[in-house]
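Undergrad: This is the structure I have questions about; it appears just below.
The values are calculated or read from the model by the stated rules, or taken from the named source; none is laboratory data. These figures come from a predicted structure and were not determined experimentally. For neighbour counting, all protein chains shown are included, and Cβ atoms are generated from backbone atoms with ideal geometry for every residue, glycine included. These accessible areas exclude ligands, DNA and RNA; they are computed on the full protein's heavy atoms, side chains included. Shrake-Rupley method; radii C 1.70, N 1.55, O 1.52, S 1.80 Å.
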Amino acid sequence: MTKDYPLQFDGEFVLTKNGSKDFGEISQEIARKIHRQAGKIRLRRGIEIKGHKGNFGAAHIEREKLSVFKKFDVKL
């Protein structure tokens, strides 16, 4: 982020405006329908290294995707 929009963290996870690590939850019913695992929806700090194929998390998307954080109510 920038100094004007610092992300807040609790350990490895980005916090919402409410201070929660959980952005939502995928129920068992929905998980079956979308063929994914049920559970909490969280965003990890992650890594972003130019040329690295294993980039993920907030570090990976923050430079070009600030609007994603705002859309999902991340505490900025």
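Undergrad: Name the residue that is least open to solvent (accessible area, probe 1.4 Å), counting only residues in region 1-54 that are in contact with a Gly (Cβ under 9 Å, 6 or more places away or on another chain) and farther than 19 Å from residue 73 by Cα.
TA: In this case the residue turns out to be 31.
Undergrad: While we're here: Among (1) open to solvent by 100 Å² or more (accessible area, probe 1.4 Å); (2) in a loop (DSSP other than H, G, I, E, B); (3) at pLDDT 90 or above, there is one condition residue 64 misses while meeting the rest; what is its number?
TA: Unmet for residue 64, out of (1) open to solvent by 100 Å² or more (accessible area, probe 1.4 Å); (2) in a loop (DSSP other than H, G, I, E, B); (3) at pLDDT 90 or above: (3).
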